[in-house]
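Presented below is the structure to which this report refers.
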Amino acid sequence: MVELLPNIAPQTVNNFVFLANEGFYNGLTWHRVLPDFMAQAGDPLGNGTGDAGYNIPAEFTSEILFDRSGILAMARSNDPNSASSQFFITTASAPHLNEQYTIFGEVIEGQEIVDNIPLRDPMTATAPGEEIISITIDES
């Protein structure tokens with residue numbers, strides 16, 4: 001279970017909720033899973049180059065940092081304002097990412113599930129990554 005942080009990154013949370021509610025993430029894979037770093041998903045192409053067809057602006061903060069596993073953030077290219085649909089969850093502390101990637105949530109239950117996603121380097125993988133069945137948004 002992940003808690004989203006609309007007070008920290010309102011546009012990013014809105015984008016993620018919209019995509020999840022539209023079923024965008026259903027059937028996509030964890031295409032990049034690196035040991036002691038993070039698990040990344042949200043790419044419709046499954047190779048790290050796909051997106052939702054648009055970009056959202058960065059919402060960097062120092063209010064929450066990459067100081068532990070379970071931090072949910074948007075992936076992006078070299079352009080800080082290039083986030084779209086790809087996201088990642090840390091599996092270890094990653095302070096080198098602080099204030100460079102938009103954090104928009106954190107795992108509050110089930111980090112062991114994230115930690116057990118099979119490792120996958122999209123540059124050398126010969127099979128698809130672990131599939132996301134669906135993402136459910138509970139606004140209660």
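Observations, loosely collected:
- Listed from fewest to most Cβ neighbours within 10 Å, the set 51, 67 follows the order 67, 51.
- With 0.36 nm allotted per residue and the present C-alpha distance subtracted, the residue 132-residue 109 stretch has 6.6 nm of extension available.
- Computing log10 I(q)/I(0) by the Debye sum over Cα atoms at q = 0.14, 0.16 Å⁻¹ directly from the structure and comparing it against [x] -0.65, -0.86; [y] -0.58, -0.78; [z] -0.76, -0.90 singles out [y].
- 121, 115 arranged by Cβ crowding within 10 Å, fewest neighbours leading: 121, 115
- In order along the stretch 81-95, phi translates into HN-Hα couplings of 9, 10, 5, 9, 10, 6, 9, 9, 10, 6, 10, 6, 4, 9, x Hz, rounded to whole numbers, per the Karplus curve 6.51 cos²θ - 1.76 cosθ + 1.60 with θ = phi - 60° and x for Gly and Pro.
- In order through the stretch 23-34: 3J(HN,Hα) via Karplus (6.51 cos²θ - 1.76 cosθ + 1.60), integer Hz, x for Gly, Pro: x, 4, 7, 4, x, 6, 10, 7, 7, 9, 10, 10
- Amide H within-cut-off set for residue 105, under 5 Å, with H built and near neighbours excluded: 5, 72
- Viscosity 1.567 mPa s, 4 °C: Kirkwood-radius Stokes-Einstein D of the stretch 2-81 over Cα pairs, µm²/s: 94
- Local electrostatic count at residue 32 - Lys and Arg +1, Asp and Glu -1, tallied over other residues with Cβ under 9 Å: -1
- Sparsely packed trypsin sites (Lys or Arg not before Pro) within the stretch 16-100, loop by DSSP, other Cβ within 10 Å at most 16: 68
- Full extension of the chain between residue 140 and residue 62 gives 25.4 nm of extra length, using 0.36 nm per residue less the Cα-Cα distance.
Values quoted throughout were computed directly from the atomic coordinates according to the rules given, and no laboratory measurement underlies them. Please read these numbers as outputs of a predicted model, since none were measured by experiment. Here Cβ is always computed from backbone atoms with ideal geometry, including for glycine, and neighbour counts include all displayed protein chains.
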